[in-house]
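Have a look at the structure below, then the notes.
The values are calculated or read from the model by the stated rules, or taken from the named source; none is laboratory data. Every value quoted in this text rests on a predicted model; they were computed, and no experiment measured them. Ideal geometry is used to build each Cβ from the backbone, glycine not excepted, and the neighbour counts take in all protein chains shown.
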Amino acid sequence: MNIREYRAFFLDTLSKAYDAAEAESLFYICLEELKGWKKVDLAMNSNAELDRVELVKWNEVLTQLEQERPIQYIFGNAHFYGLEFFVDENTLIPRPETEELVEWIINENKGKKDIKILDIGTGSGCIAITLAKNLPQAKVYAIDVSKDALAKARGNAVRNEADVTFIEKDILVADSLPESFDVIVSNPPYVRNLEKQEIKNNVLQYEPHLALFVDDNDPLLFYRKIAKLGDRSLTGNGKIYFEINQYLGPQTVTMLQEEGYKNVILKKDIYGNDRMVSCDV
C-alpha cells in the first residue's frame, strides 16, 4: 500500500470519532512522527510504498486513535510556547489557553530583576519551564503533589535546559510556602463534576482526573487555599495569576477581593471565554 492510499484509509477509519479537519491534522502529525515527512514531502512522494514494518507502526497508532487516546500520549510529546515537552497519563496535555496565561506573565515581568516565581500544580512543568526560559532573570520554583508528574517535569527541565526547583507538596494541607515569592501562578483543578458531559472522551478517559476535577460543592477550593498562602508569602509588590473555570470568572474575582487582593483583572482567552485572573497582594 502506498502512502496516498494509506492516507485515505486512515481518514476513513477515523471518520467515526473525529471530524474531517481533526482527522487530517492527526494524519500529518503521524506523518511527521513516523516518517519525518512534512506535507510537501507527501505531495512529492505520494506513491511511495509503506513496507510491512511501517504498516505495523501506522496501524498501531491508528488503533489507539480509534480508541480516542490523545496523540500527545501516543508519541509522548507535546508542544507549548515553542518548546517540546514529554507528557504521559500522569500529566495534563498543555493547552493554547495556558500559553496565553504564560504570555501575560512574561509580558508583565520582562526586565524585572531577581524575581522569584512559584508554579503551583506544575504537572508536565510547562508553565514553570517556559517562564524560566523566557524570564532568565527569575528564579523559578514548581510544586506538585504527584511524584510521577514531578519526574516528568524534571525530565522536561533537562530537555529544555531550564533551571527550575521542583518541590513535592500537597498544597491543600500546606501551612506555608517554602519561600517568599514575587509571582505565584497556578492552573489548578477547576472542572466541576457537573461539567463532565462537556468533556471530550480523549480527555475524560485518558487525562489525569486529579489534575482536572474539583468537587461541585467547593469549586474554588484550590484558588482560595492558594490565595491564603499567597497573602502570607507574596512580597510587597507580589502578584497571583490563575487559569480559571470559564463559568466561574465573577465568583473567582469576588473571592479574591474578599481575601483582600487588589486590582483583580479578569481576562478572556482567544475563544472569548473567561479564562485568566491576576491580582495584587
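Results, tabulated for the structure shown:
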quantity: Count of residues meeting criterion [more than 30 Å from the chain's Cα centre (by Cα), loosely packed, with under 13 Cβ neighbours inside 10 Å and among the hydrophobic types (A, V, I, L, M, F, W, C)] in segment 2-34; calculated: 1
quantity: Hits in segment 6-35 - residues which are of a type in the set (Asp, Glu) and free of Cβ contacts under 8 Å to residues at least 40 places away in the same chain; calculated: Asp12, Asp19, Glu22, Glu24, Glu32
quantity: Verdict on Phe86 being surrounded by 13 or more Cβ atoms within 10 Å (Cβ to Cβ), within 26 Å of Ser146 (Cβ to Cβ) and in the same structural domain as Ile129 (by TED's automatic domain parsing); calculated: yes
quantity: Any pair with Cβ under 8 angstrom, 6 or more apart, that starts in segment 243-268 at a residue that is touching a residue at least 24 places away in the same chain (Cβ under 8 Å) and ends at one that is assigned to a strand (DSSP E or B) and of a type in the set (Phe, Trp, Tyr); calculated: Thr252/Phe242
quantity: Segment 170-193 residues that are at positive phi, paired with ones that are in a strand (DSSP E or B) and surrounded by 18 or more Cβ atoms within 10 Å (Cβ to Cβ) (beta carbon under 8 Å, 6 or more apart); calculated: none
quantity: Pairs, first under 12 Å from Phe27 (Cα atoms) in segment 57-77, second part of a loop (DSSP other than H, G, I, E, B), C-beta under 7 Å, six or more apart; calculated: Trp58/Leu50
quantity: Segment 82-137: number of residues that are over 25 Å from Lys268 (Cβ atoms), free of Cβ contacts under 8 Å to residues at least 40 places away in the same chain and assigned to a loop (DSSP other than H, G, I, E, B); calculated: 5
quantity: Residue list for segment 208-226, filter: free of Cβ contacts under 8 Å to residues at least 40 places away in the same chain, in a helix (DSSP H, G or I) and touching a strand residue (DSSP E or B) at 6+ places or on another chain (Cβ under 8 Å); calculated: Tyr223
quantity: Failed criterion for Leu256 (all others in (1) surrounded by 13 or more Cβ atoms within 10 Å (Cβ to Cβ); (2) under 23 Å from Ser124 (Cβ atoms) hold); calculated: (2)
quantity: Looking only at segment 227-249, and only at residues there that are part of a helix (DSSP H, G or I) and in contact with an Asp or Glu (Cβ under 8 Å, 6 or more places away or on another chain), the one that is surrounded by the most Cβ atoms within 10 Å (Cβ to Cβ); calculated: Ala227
quantity: Selection from segment 259-281 of residues that are within 20 Å of the chain's Cα centre (by Cα) and either small (Gly, Ala, Ser) or buried (at least 18 other Cβ atoms within 10 Å of the Cβ) (or both); calculated: Asp269, Gly272, Asp274, Arg275, Met276, Val277, Ser278
quantity: Count - residues of segment 105-154 that are acidic (Asp, Glu), closer than 19 Å to Glu168 by Cβ and surrounded by fewer than 19 Cβ atoms within 10 Å (Cβ to Cβ); calculated: 1
quantity: Residue selected from segment 41-78 under the condition in contact with a strand residue (DSSP E or B) (Cβ under 8 Å, 6 or more places away or on another chain) and exposed (fewer than 13 other Cβ atoms within 10 Å of the Cβ), by the criterion farthest from Ala211 (Cα to Cα); calculated: Asn47
